[in-house]
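One structure, pasted below without further comment.
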Amino acid sequence: LNTEHGFTLGELARLLDIQLSGDAEIKIHGLASLESAGKGDLGFLSNPKLQSRLSDCGASAVILHPDLASTSPLPCLLSLDPYVSYARASQLFARRRAERESVAVIHSTAVISDEATLADGVSIGPGAVIEAGVHIGRGAVIGANVYIGFNSSVGEDSHLNPGVVVYHDVRIGARVILHSGAVIGADGFGFAKDGRQWVKIAQLGGVCIGDDVEIGAGSTVDRGALDDTIIEEGVKIDNLVQIAHNCVVGAHSLLCGCSAMAGSARLGKYCTVGGGVGIIGHVSIADGTVISAMSFVNRGIDKPGLYSSGSVLQSGREWKKNAIRQLQLDDMARRLRELERKLGE
Amino acid sequence: LNTEHGFTLGELARLLDIQLSGDAEIKIHGLASLESAGKGDLGFLSNPKLQSRLSDCGASAVILHPDLASTSPLPCLLSLDPYVSYARASQLFARRRAERESVAVIHSTAVISDEATLADGVSIGPGAVIEAGVHIGRGAVIGANVYIGFNSSVGEDSHLNPGVVVYHDVRIGARVILHSGAVIGADGFGFAKDGRQWVKIAQLGGVCIGDDVEIGAGSTVDRGALDDTIIEEGVKIDNLVQIAHNCVVGAHSLLCGCSAMAGSARLGKYCTVGGGVGIIGHVSIADGTVISAMSFVNRGIDKPGLYSSGSVLQSGREWKKNAIRQLQLDDMARRLRELERKLGE
Amino acid sequence: LNTEHGFTLGELARLLDIQLSGDAEIKIHGLASLESAGKGDLGFLSNPKLQSRLSDCGASAVILHPDLASTSPLPCLLSLDPYVSYARASQLFARRRAERESVAVIHSTAVISDEATLADGVSIGPGAVIEAGVHIGRGAVIGANVYIGFNSSVGEDSHLNPGVVVYHDVRIGARVILHSGAVIGADGFGFAKDGRQWVKIAQLGGVCIGDDVEIGAGSTVDRGALDDTIIEEGVKIDNLVQIAHNCVVGAHSLLCGCSAMAGSARLGKYCTVGGGVGIIGHVSIADGTVISAMSFVNRGIDKPGLYSSGSVLQSGREWKKNAIRQLQLDDMARRLRELERKLGE
């Protein structure tokens, strides 16, 4: 990766607020892994054990821990946490690219209600539709063909990518990123049974999304039945994740791709939910819980720690032999107990 | 939740066709749970065991069973099934909100073929695209940026939310709700192997969706290979559900979030499929079957009842010890049998 | 299914480049299974064991193996691989339908940057948005409300269905089909932890999609962190599939619905991944591997073959008894070993 107009190493040191060791005038055009870095690239060494890779690395400079600076064959940016500095540097390069592409404009084909209010510096793409009562905060970017329903709001510097749909009465905080295909505020899945018919329970609550939340492509967060569904600040949600009505996702938690929370489940703060995990409804998960990929959370968790379920990969032949025994487990346990009893006699 | 213009208790009794006990002039602005209800709210008591909660409930009135009316400290609406009456009441409040927001208009930026036919009272949002041969029934609402392909039809009073995509030759019944991100009629996943290449099997069938179906955000229903994929009347499908080509979903069945049916699977009527369930292709599931969340339905089911698979949540340490034994199950069963033989001697 | 303007049997033989046995002037209006075929339909017999079904089949003609031609009661198209010929025939009928519907036009409501380049014969639907630096190859079809971001490219004869979103710097090959709701190039899920906050790692890589790839409705392929995410030629991806950043999907592999690959996973060529499968990050799967539905691939696979995990469906009553034993497996194994030791003494 190369951006046409990069930074000097000195500029990067200043922007990242870290020390520099080497020529401040070196031109940096992009970021790269140590393996693939070439001239003009900035690499990063987050694992000190991989220091030997610097010797044949083609990068023009590298982010590393100050302890390693003296032995580095390359010019360095010195960071106590090189991985975090890499993350911050990546944002600088992404922003530079974005600046070349976009200027804050309200595209003429956007359909914006007279009763919506737009703060300064808002950008609205072609075909976007903004309904009455909507407020868009300063500097927010609303992509092409986005829909924002009645009385919803979007905070400052938030970015809704093309095709995002936000239903009515949804509050979105500042610096929120919603990726394409995300749908916020669709009806929760609620029905009452009247004889043999399902009667729809209209979903009268909303959705409230805190500051600095990111929600991935194709993910869905349903509106609440009566109260709001809540995504607290700093939560990061990957692609194709389903958050059902009246869930609460605690601040700074991560939900990986294809995970799902059923209705009224509460996830604590600082949790990590692996990919493909399913969490049943009406349970609470303690702050700081980690759930490994593809687990089924069929009960609440009141003590933080690592939790797992899910089965282990086998060859098809082995699986066929072993899987059938799953049906005999209780029988096996009883027979084992009986043998123990006999031998104990 | 409060709506600006609510109902009197008397109006609600009349609209819900149930009896009233108390002042008919009480103003009701919204619905709420007993816990959070305040002045102007209507609560509901669906579980008689929770009757004690009425004593300190702030609601202005409550829906409850006639047997409990005499001891209720609050004005009541009397219903033999308070939960169903709550569902019907929720629709009244939702409709009032919707009426304030929308009037049936064909937005000037919608692109509608001269060869499409629109019945009276149809509403079409900005940027919607309606192709030739499409018929839209009376009172249907087509949201912003919806696409409806050639020769498809949408029944009376159906509601397609913003961004829904309906491919060609799809028939959608009356009072159907499709949520944003839903895609109806994309190609089924069919290929023939020619040597080492995949040859696409064009999907020449359509999709047929019955009356009163609801399909959640981001869910996909593929068109059939030769015959149609069929969703029968009254089916309710949650978010991010995948229905493959030539499936048949029986009337009034529920599919919860992230469940999936593989090609040509047939689900009976009045079934409940839990979240994250996967059903293999070419099997039939009996009417009235219930499948618990995260189960893998790897065979047909000919007898209704509850079915499950899936593993049980454990601490990471316990899981590590136990999971490895899954690979030894058959061996353990054989050794157990051998011990029994020896002890029998 | 019937198309208004079909083919004669002779035309089909010529277009499919196979032999004909029977009247070349027979009119064929559509394809159908042997069970449902009627006058004007062409059936196909891919399984020779089902030959007896020809006797009461209503089709006007049938595709079958030359060995069966002499005993066929129906006019035949003779193919060494009738299923592949059926696939090719299905494309002929689909193309004829498509020709009647669409002509290559740039719709007046599409918003196309002056700095985009469009080859001859490109069709762009209403409301589509094409940013600067985009190149669209000859004959490509860009559906209604599609978004294509800065500097992305679409190869010849590719087809992006309505509502598809392609972010910036994505390269899409020739004859690629993207279904509605697919999102290509959204940000990979990458964050660095800075104290108790997540710092976004801007995703500076792109996505590269080879020729003849098909990607299903609602599926997501994220852009890479530094290098590209790669989908090689001929790959077929079903609906609601998640491909995380920096994955590599080998040529001609199939991924069925709701499967997912976590970051930097590498799937070999000619693999088949069943529905609902989850593959963890940073592993490699050998060419030609087959993974059965709903499996959890929690490690790399270096030897091709069939792999499975996942549990077996049980009645709810049986499951309740057996599932609890999953928690005792290690204990059972130890007790079994102890019994063996005692009996061995």
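Which residue is nearest to B:GLY163 (Cα to Cα), if the candidates are limited to the stretch C:161-179 and must be more than 8 Å from chain B (Cβ to nearest Cβ) and part of a strand (DSSP E or B)? Outline the logic, then answer.
Restricting attention to the stretch C:161-179, the residues satisfying the condition of being more than 8 Å from chain B (Cβ to nearest Cβ) are C:164-176, C:178.
Filter once more, so that each one left must be part of a strand (DSSP E or B): C:165-166, C:170-172, C:178.
Numbers: C:VAL165: 12, C:VAL166: 16, C:VAL170: 23, C:ARG171: 25, C:ILE172: 23, C:LEU178: 16 Å.
Among those residues, the one meeting the criterion is C:VAL165.
Next question. Within the stretch B:287-310, how many residues are open to solvent by 20 Å² or more (accessible area, probe 1.4 Å) and either more than 8 Å from every other protein chain (Cβ to nearest Cβ) or more than 18 Å from A:LEU327 (Cα to Cα) (or both)?
8
Of the conditions (1) over 28 Å from C:PRO126 (Cβ atoms); (2) free of Cβ contacts under 8 Å to residues at least 40 places away in the same chain; (3) at the interface with another protein chain (Cβ under 7 Å from one of its Cβ atoms), A:CYS208 clears all except one; give me its number.
Just one mismatch for A:CYS208, condition (3).
I'd like the full set of residues that are polar (S, T, N, Q) and over 33 Å from the mean Cα position of the chain (by Cα), limited to the stretch A:53-74.
At the first step, the residues of the stretch A:53-74 found to be polar (S, T, N, Q) are A:55, A:60, A:70-72.
Selection gives A:SER55, A:SER70, A:THR71, A:SER72.
Among the residues of the stretch A:154-181, what is the count of those that are small (Gly, Ala, Ser) and surrounded by 24 or more Cβ atoms within 10 Å (Cβ to Cβ)?
The number of residues fulfilling the criteria is 4.
Could I ask something else about it? Can you tell me which residue is farthest from A:VAL273 (Cα to Cα) among those in the stretch C:280-331 that are over 27 Å from the mean Cα position of the chain (by Cα) and polar (S, T, N, Q)?
Looking at the filtered set, the residue picked out is C:SER315.
Could you tell me which residue of the stretch C:214-231 is nearest to the other protein chains (Cβ to nearest Cβ), considering only residues that are assigned to a strand (DSSP E or B) and under 21 Å from B:SER219 (Cβ atoms)?
C:THR220
Restricting the stretch A:232-274 to residues that are of a type in the set (S, T, N, Q) and part of a strand (DSSP E or B), which is most open to solvent (accessible area, probe 1.4 Å)? Break it down into steps so the answer makes sense when it comes.
Here is the first cut: in the stretch A:232-274, the ones of a type in the set (S, T, N, Q) are A:239, A:242, A:246, A:253, A:259, A:264, A:272.
Add one more test, that the residue is part of a strand (DSSP E or B), and what stays is A:242, A:272.
Numbers: A:GLN242: 6, A:THR272: 45 Å².
Top of the filtered list is A:THR272.
Could you list, in sequence order, all residues of the stretch B:252-279 that are more than 17 Å from the chain's Cα centre (by Cα) and closer than 25 Å to A:ALA244 by Cα? It would help to see each step written out before you state the result.
The initial filter retains those residues of the stretch B:252-279 that are more than 17 Å from the chain's Cα centre (by Cα), namely B:262-266, B:279.
B:ALA262, B:ILE279 - these are the residues of the stretch B:252-279 that are more than 17 Å from the chain's Cα centre (by Cα) and closer than 25 Å to A:ALA244 by Cα.
When you scan the stretch C:219-231, how many residues do you find that are open to solvent by less than 10 Å² (accessible area, probe 1.4 Å) and not polar (S, T, N, Q)?
If we filter the stretch C:219-231 for residues that are open to solvent by less than 10 Å² (accessible area, probe 1.4 Å), which is where we start, we get C:219-224, C:229, C:231.
Those still in the list that are not polar (S, T, N, Q) too: C:221-224, C:231.
Here the count works out to 5.
Against the definition (more than 7 Å from chain C (Cβ to nearest Cβ), of a type outside the set (Lys, Arg) and without any contact (Cβ under 8 Å) to a residue 24 or more places away in the chain), how does B:LEU313 come out, yes or no?
It is true that B:LEU313 is more than 7 Å from chain C (Cβ to nearest Cβ), of a type outside the set (Lys, Arg) and without any contact (Cβ under 8 Å) to a residue 24 or more places away in the chain.
Do the conditions hold for C:ASN151, that is, is it open to solvent by less than 20 Å² (accessible area, probe 1.4 Å) and either in a loop (DSSP other than H, G, I, E, B) or in contact with a Cys (Cβ under 6 Å, 6 or more places away or on another chain) (or both)? Before you say what the answer is, go through the steps one by one.
On the way: open to solvent by less than 20 Å² (accessible area, probe 1.4 Å): no; either in a loop (DSSP other than H, G, I, E, B) or in contact with a Cys (Cβ under 6 Å, 6 or more places away or on another chain) (or both): yes.
So C:ASN151 fails the test.
Next up: Checking A:ASP211 against (1) in contact with a Lys or Arg (Cβ under 7 Å, 6 or more places away or on another chain); (2) acidic (Asp, Glu); (3) buried (at least 23 other Cβ atoms within 10 Å of the Cβ), which test does it fail?
Just one mismatch for A:ASP211, condition (3).
Can you find, within the stretch C:182-205, the residue that is surrounded by the fewest Cβ atoms within 10 Å (Cβ to Cβ) among those that are part of a loop (DSSP other than H, G, I, E, B) and facing chain A (nearest Cβ under 7 Å)?
My answer is C:ARG196.
Which of the following residues is within 14 Å of chain C (Cβ to nearest Cβ), surrounded by 22 or more Cβ atoms within 10 Å (Cβ to Cβ) and modelled with pLDDT of 95 or more: B:GLY133, B:GLY143? Write out each step before concluding.
Working: B:GLY133 fails: surrounded by 22 or more Cβ atoms within 10 Å (Cβ to Cβ).
Result: B:GLY143 is the single residue among B:GLY133, B:GLY143 that is within 14 Å of chain C (Cβ to nearest Cβ), surrounded by 22 or more Cβ atoms within 10 Å (Cβ to Cβ) and modelled with pLDDT of 95 or more.
Here's another thing I want to ask about it. Do we have B:VAL105 as within 14 Å of chain A (Cβ to nearest Cβ) and open to solvent by less than 20 Å² (accessible area, probe 1.4 Å) here?
Values: within 14 Å of chain A (Cβ to nearest Cβ): yes; open to solvent by less than 20 Å² (accessible area, probe 1.4 Å): no.
It is false that B:VAL105 is within 14 Å of chain A (Cβ to nearest Cβ) and open to solvent by less than 20 Å² (accessible area, probe 1.4 Å).
Now for a separate question. Restricting attention to the stretch B:109-130, report how many residues are open to solvent by 60 Å² or more (accessible area, probe 1.4 Å) and either closer than 24 Å to C:ALA94 by Cα or at the interface with another protein chain (Cβ under 9 Å from one of its Cβ atoms) (or both).
Final tally of qualifying residues: 2.
Restricting attention to the stretch C:135-156, report how many residues are free of Cβ contacts under 8 Å to residues at least 24 places away in the same chain and farther than 16 Å from C:HIS179 by Cβ.
Counting residues in the stretch C:135-156 that are free of Cβ contacts under 8 Å to residues at least 24 places away in the same chain and farther than 16 Å from C:HIS179 by Cβ gives 6.
Among the listed residues B:LEU240, B:LEU339, B:LEU267, identify the single one that is facing chain C (nearest Cβ under 8 Å), farther than 20 Å from A:GLY275 by Cβ and not acidic (Asp, Glu).
Values: B:LEU240 fails: farther than 20 Å from A:GLY275 by Cβ; B:LEU267 fails: facing chain C (nearest Cβ under 8 Å).
Exactly one residue qualifies, and that residue is B:LEU339.
The values are calculated or read from the model by the stated rules, or taken from the named source; none is laboratory data. Keep in mind that this is a model prediction, so the values were computed, not measured. No Cβ is skipped: glycine too gets one built from the backbone with ideal geometry, and neighbour counts run over all protein chains shown. Please note that ligands, DNA and RNA were not included when accessible areas were found on the heavy atoms of the full protein model with its side chains. Shrake-Rupley method; radii C 1.70, N 1.55, O 1.52, S 1.80 Å.
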